[in-house]
1. Is it true that some residue in region 78-88 is over 13 Å from the mean Cα position of the chain (by Cα), part of a loop (DSSP other than H, G, I, E, B) and on the phi < 0 side of the Ramachandran plot?
2. Restricting to region 22-39, name every residue that is outside any helix (DSSP H, G or I), surrounded by 17 or more Cβ atoms within 10 Å (Cβ to Cβ) and modelled with pLDDT of 95 or more.
Amino acid sequence: MHHPIKLLSCAALLSAVTAAQAQDATAGKAAFAPCAACHSVNGRNGAGPSLQGVVGRQAGALEGFRYSQAMKAAGTTWDTASLDAYIANPQKVIPGNAMPFAGLPDAKVRADIVAYLGTLK
């Protein structure tokens with residue numbers, strides 16, 4: 001006979017383990033290193049806009065950065081899904097954006113980077 005409480009606890013544990021495997025902000029920080037050539041995480045813009053506080057921000061809206069018309073007109077609010085899609089294929093998600101990056105096909109590495117970006121308040 002199955003005990004509903006035990007099944008629920010196992011399901012909750014499995015869900016927590018799966019989520020932990022899906023996102024690792026520490027690994028994301030390491031994977032972000034090449035991105036740091038253009039994007040700071042301290043509020044200062046460089047060749048790309050600072051990504052401090054990017055989660056929840058409207059695309060193309062950070063003060064002091066000169067965005068492409070495509071980015072300003074995107075109408076995207078950066079969240080986990082939109083950041084993941086953009087990092088996977090920037091030109092597909094926002095055609096005509098100025099970021100010279102072809103995309104990152106590895107879903108695990110993208111999830112880690114997005115988890116790291118979520119820590120940058």
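The values are calculated or read from the model by the stated rules, or taken from the named source; none is laboratory data. A quick note: this is a predicted structure, and the numbers were derived from the prediction, not measured. FYI the Cβ positions are ideal-geometry reconstructions off the backbone, even for glycines, and counts take in every protein chain you see.
1. No.
2. Residues satisfying the conditions are ASP24, PHE32, HIS39.
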